[in-house]
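Please treat every number below as a calculation from the coordinates, not as lab data. Note that this is a predicted model, so its numbers are computed, not measured. All Cβ positions, even for glycine, are placed from backbone atoms using ideal geometry, and neighbour counts span all protein chains on display.
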Amino acid sequence: MRNEGTLYFFCGKMGVGKSTKALQLTTQKSAVLVSEDEWLAAHFPSLINDFNDYITYSNLIKPFIKHHVVSLLRLGVNVVMDFPSNTVKQRSGFLRVCEEAECQHEMHYLDISDEQCLAQIGQRRRQQPERAQFDTEAMFRLVSGYFEAPEENEGLNIVITANDTLKDGYE
């Protein structure tokens, strides 16, 4: 028997608008938002200074978050996870959460050009100066090197938002 809760998660390059879309879906779907940035900031303030730190601390919180999210989904609560699902491995982790919770999912693939992502990163850097250390073209290029676009054979329920329909929060 499937639970009524649905897991919503996101795929897209840095600066594409995943967090903005997460906030929109939280309201639209009457869902609980679970934000990686918020959890990392709350549990490891000032300890993330580079990409390797991010990977280390992100991996530390994932088991706790998984347990929490599975519990919510089993209760029939919709959950929006503002965590990247930018690799096959990350997406398969989200599918394992759904299998354990016996729930449906939607992966929102935000697909815009690198140029538009960089423009949005620049805008975000100006609006949120505390992110300036990480919101750089060099970081975008580094992180984009790991990006794997989703494919049909992954068994995902994909909702695609492309260049002409994406609304970002940095206009």
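Here are some notes:
- If you sort the three axes of the alpha carbon gyration tensor as a ≥ b ≥ c, you get a/c of 1.5 or more for the range 30-171 and a/b no higher than b/c, which makes it oblate.
- Residue order, fewest to most beta carbons within 10 Å, for 107, 14: 107, 14
- The chain - mean residue ellipticity at 222 nm from DSSP helices (-39,500 (n - 2.57) per run, n ≥ 4, rounded to 500): -14500 deg cm²/dmol
- For the pair residue 136 and residue 99, a Förster radius of 25 Å applied to the C-beta separation gives a FRET efficiency near 0.10, rounded to the nearest 0.05.
- Computed from Cα positions, the angle between helix 18-28 and the longest principal axis of the chain comes to roughly 40 degrees.
- Size descriptor, Kirkwood hydrodynamic radius, that averages inverse alpha-carbon separations across the range 46-128, Å: 15.1 Å
- About its Cα centre, the dipole of the range 3-83 is roughly 300 debye, where the only charges are +1 on Lys and Arg Cβ and -1 on Asp and Glu Cβ.
- Dipole check for the chain: with +1 at the C-beta of Lys and Arg, -1 at the C-beta of Asp and Glu, and the Cα centre as origin, the magnitude is about 340 Debye.
- Virtual paramagnetic centre 7 Å along Cα→Cβ of residue 27, amide N under 18 Å, in the range 112-153: none
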